[in-house]
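This report concerns only the one structure given below.
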Amino acid sequence: MEFCGEGNKFTVWNSGDFSKCFEDSVVMTIPAVFLIVFGMKRLYYLENKKPDLFKFKQLTQDFPTWKKSLQLEIIVSLLLIAWKVLFFIVSVSIYHEPYELFYSVVTITQWSIAFGLLYLELKKSQPRGWELRLYWVLAFLVATIKLRTLTLAIAGQTNIEVGFLEYFSFFVGYCLILILSITGVLFFETGQSYQNLEEYEISQEANANLFSRITFWWVNSILVKGQKKALEMQDVPGLVEMDQSKILSEKFEKAWADQLKRPNPSLPWALATAFGPHFYVAAIFKLIQDLLIFVGPTLLGRVLSFVKGNGVSTYDGLIYVLLYFLAPVCQSILLHQYFHRCFRVGMWLRSAVVTSVYKKSLKTSLREGTTIGEIVNLMSVDAQKFMDLCPYLHMIWSALEQLAIALFLLYGHLGPSVFAGLGVMLVMIPINLFISNINKKRQVVSMKLKDRRTKAVNEVLNGIKVIKLYSWEQNFMDHVNSIRNEELAVMKVIKYIQGFSLLLWSMSPVFVSVITFTVYILTGGVLTAEIAFPSLALFNVMQFPINMLPSVVSSIIEASVSVQRLQKFLLKKDLDPNVVTHHISENDVSIKVDNATLEWEPHKPILHDINIKVGTGELLAIVGHVGSGKSSILSSLVGDLDKVKGSVAVKGSVALVTQQAWIQNATLKNNILFAKEFQQEKYDSVVDACCLIPDIKILPGGDQTEIGEKGINLSGGQKQRVSIARAVYNNADIYLFDDCLSAVDAHVGRSIFKNVLANNTGILRNKTRVLVTHAVHYLPFVDRIIMMKDGRIAEEGTFEQLMSNNSHFSQLMSHDETSQSNSQTPDRSKGEEIESEDEGQSKLNQSVGSDHDNEEEEGDQSTTKLVSSSDRVSRVRSRSPSPTGNAILISNEPMDDQESSGDEKELMEDIDIDGNGQNDSLTKGNEKKSILKPLNLLKDKIKQQINNETKPIEIVNAPPKDKSKIITIETKQEGKVSLKVYFSYFKAIGPILAGCITGFYGLTQLLSILANWWLSVWTNNTTTSSASDFSEDEANRTARHYLLIYVLFSLGTISATFLRSFAMVFGSIKGSKLFHEKMFNSVIRSPMSFFDTTPIGRILNRFSKDQLTIDESIARTLGMFLNTFCQVIGSIIVIALVSPFIILAMVPVAALFFFIQRYYLNSSRELTRLEGVSRSPIYANFSETLAGVTTIRAYQEVPRFVKENERLLDDNQKCYGINVAANRWLAIRLEFLGACIVTSAVLYTVLARSHIDPGTAGLVITYALAITSNMNWMVRMSCDLENSVVSIERIQEYCTLAPEAPLYNDKRVSKKWPTEGGIVFKNLWLTYREGLDPVLRGISCEIKPKMKIGIVGRTGAGKSSLTQALFRLVEPLRGTIEIDGIDITELGLNTLRSRIAIIPQDPVLFAGTIRSNLDPFNSYDDAQIWESIDRSHLGKAIRDLSGGLDAPVQENGENFSVGQRQLLCMGRALLKKSKIIVMDEATAAIDIETEGIIQNTIRTEFADCTVLTIAHRINTIRESDIVMVLDKGELVEFDAPDTLNQDENSIYHSLVKNSESHEH
């Protein structure tokens, strides 16, 4: 018997098709051969190389989870094998040809191997191999060929005989193969072990199968969560590895490094090199999608011919219906794969830009002119423009390609007439290029103004306390609003230009269609439905690329401006890492500066010919006048200055304590640890040495208390001590201290010097220490001293050598001596006590100071324990009326109150912190009969006496809260955006204007519908009228009549579009102006408690990204929504009027539209909110980093901060990324439903062809095609609009902040008030915020006019709080303050603050000029300003500057030393000439000589003024009329300094004694 049967030879072809023998024996065995070759190899590998991890029993256990693709495949494989075996048995009994038996055996064999592979992969817990997946695809393809052959045979169209049993059995097998192919390819889950399938849920793209990726099914998990509850950050899945900013940053840096080697580095080329490949692949999807766009218009002509023709089979019409369904579905899948890739690349660009800007800011000097505001804009606005442009960048070539194809197809319908339309388009190109060029120039100006505004807002937020103290709110409101008005003026021009450009392009299809049809008619053409509506559909296709081109060009222009700005910043000169070398050949030298000249700015040296050599373990002091270059020397040692000549070298690690302490928004403990490993003993010793134990005790959460931004909830002294503790804990080799002891109380400073810095007792005694100081009383105890003058070393030597030289240094010391009339002659022997400890005092842990000396004495204190005495005796004395009305005397009696015991111990440590023996005697309680005790230790007695006079103090409305936290969590609205938010925008635009805009959109659509309807009437008339019905003239007149009406409707559409475009521009500018102005005014008028608890980055986020959304996005999104909404409504009306049956199909589709949109929106809205909330920490961290960039560099912690920035950025990007994917999820489903609508319309047209005119059919299908894209865009725009409105919601929140008291009220006072300057405090209680403990407790005293009051007390005693109460930065909880008999709470804040002068603790300067910083309101002439400058002893320094009073002041006054800034702040007070002046530690950063001159100025210039001086130096207040001693918010002493000093039991006496002991 022959192989192919008797009489049948083996041939390939049979009547133009495969022969049955060849098909069964060769074609159908191709998959079997593939599987036998590759599958057996895989089978052998699995069986012999991999261990069993899975039992067969699990298959039955997992049967309920058959939806898992693996189980499904195994079950289907079993069924397939069983079916083939059954068919084989039947076929053997019926057929006898060898090839049929061969085919059956091969089929059973290959499926048995396939089943074996499946089972082994499950058993060995291996991911599915490529062999099986490719086999299934091959099997499906050859099975399709076989099915076609059998189908044709059973239909009788071939000579092959096929029985029903054979056909049915193969069809069942084919279905099983189809299931296997789909599950194996579409539902293949990458990288997942089968053993984990039962727990695994598709939630991330990285693990999604092909079907999930195509349909974005993997997004479902997040949408399901969003439907059930408001999403939180932990609900959002993390980024896949390829999206993480660390990976992206490394890619970009590599590409940018290559560009830097070229003569002209290009940022776009670097970005293209790093991220281009992924972006280029997206072009393939876009190209195929573009081709599929033209399927609809091409088929439309065939459908209309089908409707018009007779005798055409309905089968052809149904094929058209199928194609109308498949084409848009495939188009949708391709389009959204393209968008997903492009949005991902956009996200990559943003990550790369943000991380690069962050890293660059850590490597470059910001003194070269780049402000924080500009850098924030680079990270927010410019990076955003990159991200927004990326998805549409391919439209440049895609739009031209679509236009070319459309014109080619139009030529086939309309002939040469189409060139008339092409001419219109060509004319518009140069017009738009000209407009684009103008637009680009305006964009550059706009970005600069955005930088200025952001910088101004940032300065206001950083200096808000000073602004409020000086009552400059209105000035800064006007300043920011003036910049904003300039920005809006430029933005208005840009928007009008863009509006005009958009009008030209959007009306291009109308112009083109009108002119093309006109020329076609005038040249004798007859417009039929088969020509008109396919042409109209092609014109509609052209509308999208024509509309997108100007938008993309505009975005490219904006991005090009951003590219230039970013490239300019990234090309800025880095700080030279080789300025400081880390090798010194001499063994015992740690710092060596050899003949070095250094500069902050190019060609402006600040240090000249510096020669310094510091030995290992040496303590070097640097002194000099303000601005002499002391701090610059320390900056040069950490590499912040550029080197002109010479060399700078350090050996070992460096720890820096800056003059203005930098504190992170973290817990106090983490501020000290600074990411170092926690060691309890070491930590305790450091905290003790830095005198932080009492502070930790009084903080609400101990050392776990959160410290606010810039250390807002710490006093100046506390911040500095935390900064010192951070340095000490760091255990560096070299320590640089920049006048850090000036901010702490005198006795605390002495203790820190002794316990930290001193040679014999300091914890750092074995370390190399460089101390810049104005406190000359420490100088006798240092190894060597350097005297700086005008940027040069004037003198150098030991204390004794310099004193004997009788030069600059001895003159400086003489000023110190003359300022202390009561002080003793300097005696080194007396000073030696600073270097010794009493036997009764515990020794400090030396684990930090020396690696080999780490023993700890038993008496060492811990942060959690304080030694308390058994006997407590105290007496409180006050010369002014106390809250109880009497002085209280407590005899020597034991105290049982444990809290009082601890508090008293703390006080005693404050009184005698130098450890000279008094503490020990007091603890024993045997040598003194009475000691001072603060009022709060006698709580019960005080409360009892207060109750007799007044009601008790109760803090009401203080809910329980975690007092260790200060920064509030950023609020995030939940649920649907309130309609009030939408109405607030319409209200900002103006109700009338908003109504007009809506009306213009409706009118535009109405006129467009009328134009198309008229075209339908026209073509129907042409179709029904034969040529013989009219003469040629009549036909021409009729055609011109129809054409004229069509042109009029089209011109009406253009006019309405013009009106709506420019009305929207005007309205959006008006709304933007109102929101920004209202928000800024609300923020600047908020109380200080708001700024204490809100990071600046969070506020800047509102002023940058959220404001940008209102400026640029909302109007555009709202316009697109209104346009598509009107188009959808218009389309529904047209379809309903023409064919009501289609509406029946649209009802369920519309319901699904609504359901899908709501399902999506719940999650998308929350993701948008999370994206906004997670953006704020990026800016906050960035601002914090820039503030402490010198410290970060010095500690070599740059990598850690970069990593933290990447973490925050990834948190933000994951919200954005999943939101973009969710948008694709929505679009692909909506477009599928749109395809159903089009299919319904075409199906109706095909089935009802005998009852419908071609023109009407064309109109219906045209609008059905339009409603698909329009409904999709409407839903997407509604979602985008709600997401954008979240920015309005966030800004609206800041527009309604609770303000502080009014600036002005009805209370009127004399213009010269206060005329006397008397101040009365009456039972004043103060708390900073609701829920916190009072910081002032029952302060009562009277300050006579013209008195000079000195206010002292340990850090945190309430000294600065008293000034905040006086200026009403914080409103009193109870009690009053009267100035000249007027209760200050009755006055407007401007009235109060403008009449009192203050020289604040933190010298804040604003970017501008010397003049604008001293006189922002231009209230004084030049002579008065110069007079105040001369009196503050800055006359020479200012005159030396180019520009004099108009000399520039950089952001935060960076081009002035801290001491010079304090003197400028003093100049403000001198200029103001107020009757009451507050000096809040105003001379802390000034050298002793200048301070003496300033004190003399105060005595003479402020002789007729009441002066309140808060000071750490006792010398500063010795000549005061009255001294106020505060402790824990209570007034414990109030008397003349001499009187208090004579009382040996007074706290003031102890302070004076301590001051004298450590000064001499």
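The values are calculated or read from the model by the stated rules, or taken from the named source; none is laboratory data. Keep in mind that what you see is a predicted model, and the values were worked out from it rather than measured. Here the Cβ positions follow ideal geometry from the backbone for every residue, glycine too, while neighbour counts run over all protein chains shown. Note: areas computed on protein heavy atoms with side chains; ligands, DNA, RNA excluded. Shrake-Rupley method; radii C 1.70, N 1.55, O 1.52, S 1.80 Å.
Observations on the model:
- Stretching ILE1382 away from GLU681 to a fully extended chain increases their span by 246.9 nm, per 0.36 nm per residue minus the current alpha-carbon distance.
- Positive minus negative residues near ALA621 (Lys, Arg vs Asp, Glu; Cβ under 11 Å): -1
- Taking all protein chains together, HIS583, HIS413, HIS1041, HIS774 sort by accessible area into HIS583, HIS1041, HIS413, HIS774, largest first [probe 1.4 Å].
- Among 764-772, 1285-1293, the order from most to least packed when residues are scored by Cβ within 10 Å on average: 764-772, 1285-1293
- Of every Cα-Cα pair in segment 354-489, the percent that sits beyond 26 Å: 52
- Segment 481-630: radius of gyration and largest Cα-Cα distance (Dmax), Å: 34.5, 104
- Taking the alpha carbon gyration tensor of segment 1050-1106, multiplying each eigenvalue by 5 and rooting it gives semi-axes of 40, 11, 5 Å, largest first.
- Compactness check for segment 624-732: Cα Rg over 2.2 N^0.38 Å is 1.22.
- Whole-number D in µm² s⁻¹ for segment 1403-1470, Kirkwood Cα-pair radius fed into Stokes-Einstein, 37 °C, 0.692 mPa s: 284
- Value of Rg/Rh across segment 1028-1133 [Cα atoms, Kirkwood radius]: 1.37
- Over segment 448-546, the reciprocal of the mean inverse Cα-Cα separation, the Kirkwood hydrodynamic radius, stands at 18.1 Å.
- Protection proxy ranking of 715-724, 1334-1343, 467-476, 256-265 - average other beta-carbon atoms within 10 Å, highest first: 715-724, 1334-1343, 467-476, 256-265
- Between the alpha-carbon centres of segment 253-292 and segment 326-390 there is a gap of 13 Å.
- Across CYS1465, CYS996, the residue with the most accessible area heads the list, and the full order at a 1.4 Å probe is CYS996, CYS1465.
- Once you divide the Cα radius of gyration of segment 1155-1230 by 2.2 N^0.38 Å, the number left is 1.52.
- Residue ranges 1321-1330, 284-293 sort as 1321-1330, 284-293 when ordered by packing (mean number of other C-beta atoms within 10 Å per residue, highest first).
- Summarised as an ellipsoid, segment 1073-1200 has semi-axes of 48, 19, 13 Å, derived from the eigenvalues of the Cα gyration tensor scaled by 5 and square-rooted, with the largest first.
- Reduced Cα scattering model of segment 330-369, Debye log10 I(q)/I(0), q = 0.22, 0.24 Å⁻¹: -0.72, -0.77
- Exceeding the 18 Å Cα-Cα cut-off - candidates LYS465/LYS1105; LYS1359/LYS1473; LYS697/LYS1528: LYS465/LYS1105; LYS1359/LYS1473
- TYR470 sits among other residues whose Cβ lies under 12 Å from its own Cβ, and their net charge, with Lys and Arg +1 and Asp and Glu -1, is +4.
- Calculated diffusion of segment 1323-1391, Stokes-Einstein form, Kirkwood radius summed over Cα pairs, 4 °C and 1.567 mPa s, µm²/s: 100
- Segment 1162-1284: Cα Rg divided by the 2.2 N^0.38 Å rule of thumb: 1.84
- Segment 1231-1340: translational diffusion in µm²/s, Stokes-Einstein, Kirkwood Rh over Cα pairs, 20 °C, 1.002 mPa s: 98
- Restraint check, LYS1312/LYS1348; LYS251/LYS572; LYS448/LYS980; LYS468/LYS1348; LYS1312/LYS1344, Cα-Cα greater than 27 Å: LYS448/LYS980
- For LEU1336, net neighbour charge (Lys/Arg +1, Asp/Glu -1) across residues whose Cβ lies under 11 Å away: +2
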